[in-house]
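Below is one structure; the comments refer to it alone.
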Amino acid sequence: MDDVEIEDVNDDSPFLVEKEPLKNQDLSSFADIAGEVLSLYGWHLLLVAFVLVLLLQQLKRRSSGQSESSTASAATQDAAFVARRQEAMEAARRKMQEDLDAKAVLFREKQKQREEEKRRQKLENYKGIVPSQDDAAAATSSAALKPKTDKKQLRSTDYSPLSGQGGGTCAWRPGRRGPSSGG
C-alpha cells in the first residue's frame, strides 16, 4: 500500500469544470431589471399612478354629467315604469286581501255551523239525561224489564287500581320530605 500517492489537483487544471446553479435567465433578468427600476424610481412611479387615478375619476365625472341629459328621458321612462309596477303590486295586494276576506267569511260560517251542531248535540244529550214526560214512561217500562246491576259489574275486567288506569282518581304521592316528627 505504500505504492499509492495522492496528489492535489491544481485549480487551473483543464479537467476540472465548475457548474453554476441553473437559473431561468428570462425571469431572473426581468426581476433584476424590475428591482433596479423600483429601487431608483419607486416613489416617482407611485406618484404617477396616483395622478392617473385622479384623472380617470375626473373623466368619469365629466362623462356622467354629459350623459345626464340623455338619462333625463330615461328617468321619466323609469318613473312611469315604477308607477305601473306599484299599481300592479297594489292590485295584486287588493286581490289577495279579497281572497283572504272571502276565506275568512267561509271559515266563520263553518265555525258557526260547528257551534250550532255542538249546541244541538248538547241539547240532545241533556234531553237524554233528563227525560221528558213521554220519555219518562218509556224509561220506567224499560227499567222494569232490565235487572238492576251493581256498580262493581259496571267496571271493566281490565281495571287495575295499581296501574293508574281505569278512571280512578287516587294516585300515589311521595311522602313529605324533612325530619321526622317522632319522639
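Quick note: the coordinates plus some simple rules give every number you see, no bench work behind them. Note that the coordinates shown come from a computational prediction; the quantities given were computed from them, not determined experimentally. All Cβ positions, glycine included, derive from the backbone under ideal geometry; neighbour counts span all protein chains shown.
What distance in nm separates the simple spin-label points at S63 and A31, each placed 7 Å from Cα in the Cβ direction?
Once both label points are built, they end up 3.8 nm from each other.
So what are segment 74-130's ellipsoid semi-axes, whole angstrom, largest first, if each one is the square root of 5 times an eigenvalue of the alpha-carbon gyration tensor?
55, 5, 4
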